[in-house]
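Just so you know, all these numbers are worked out from the coordinates, no wet-lab data involved. Predicted, not measured: the structure shown is a model, and the values here were computed from it. Quick reminder, even Gly has a Cβ in these numbers, built from the backbone with ideal geometry, and neighbours come from all protein chains shown.
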Amino acid sequence: MLIARVIGELVATQKDPSHEGRKLLLVQALNLDGTDRGDAVVALDAVDAGVGDKVLLTTEGFSAMTSVGRPNSPIDMAVIGFIDHIELVDGVH
Amino acid sequence: MYFGRVVGSVWSTVKHPHLTGKRLLVVQPLTPELKITGKQLICTDSVGAGAGELVYWVRGKEASFPFAPDEPPVDTTVVGIVDEVHVKRPVTTPPPVERKSARKK
């Protein structure tokens, strides 16, 4: 799972039926210092996240499908939680 | 899933039997601001996408699920045609973090 920020939404009318009824979020994965980590990706929304939210992003099929309740469907990324706070121990990382 | 644009298609006459009838698209990955990023790739098509259209695709075993109960040997499939993109990145970028470098003198 990755720390990420929701930076936008996609609108798609023609899509796989399993994606109906869920928001398509544009999500930018982040490093611990808040800088961008690679390119933004598209993820289905499992927790009603919105633009600007810092979230937990799963990038693996099984967890993404089960989190949105659509097993055996073409979903490989999902937003599965909100991040309120990250605590790092000094001198370890 | 990943975001990009269909920039072409691939013709293949001799292929795995399970790939028969599947369209193969050349896709260019894009940033949300529609700037080119990364290299083009080939995706199968499950939604009828055509050249020039913005799409998103799925990677991995999940790429074969739109063709169920068929199980074609594919690893990337276009699963949606994008009509609109709404992007709102944070205006301020976070300040660079000071790193304590362990340089040898």
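Data table
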quantity: Derived scalar couplings ³J(HN,Hα) [the range A:65-80; Karplus, 6.51 cos²θ - 1.76 cosθ + 1.60; whole Hz; x for Gly, Pro]; calculated: 5, 5, 5, 9, x, 10, x, 6, 10, x, 10, 10, 8, 8, 8, 10
quantity: Electrostatic dipole magnitude of the range B:2-81 [Cβ: Lys, Arg +1; Asp, Glu -1; Cα centre; debye, to 20]; calculated: 200 debye
quantity: Most mobile of A:47, A:79, A:55 in a GNM of chain A (Cα contacts under 10 Å); calculated: A:47
quantity: Value of D in µm² per second that Stokes-Einstein yields for the protein assembly as shown, Kirkwood Rh from Cα pairs, at 10 °C (1.306 mPa s); calculated: 89 µm²/s
quantity: Selected from A:30, A:57, A:44 as most flexible by GNM, with chain A as the system and alpha-carbon contacts under 10 Å; calculated: A:30
quantity: Net charge, residue B:11 excluded, C-beta distance under 14 Å - Lys, Arg +1, Asp, Glu -1; calculated: +2
quantity: Cα gyration tensor category, rounded, prolate or oblate, for the range B:2-81 with a/c compared to 1.5; calculated: prolate
quantity: Computed label-point distance, nm, for sites residue B:42 and residue A:72 using a 7 Å Cα→Cβ extension; calculated: 2.8 nm
quantity: Built amide H within the under 5 Å cut-off of residue B:23, gap 5+; calculated: B:45
quantity: Karplus-derived 3J(HN,Hα), 6.51/-1.76/1.60, for each residue of the range B:70-78, Hz, glycine and proline x; calculated: 5, 10, x, x, 10, 10, 9, 9, 6
quantity: Lys/Arg +1, Asp/Glu -1 at C-beta; chain A dipole; positive extreme among A:21, A:63, A:31; calculated: A:21
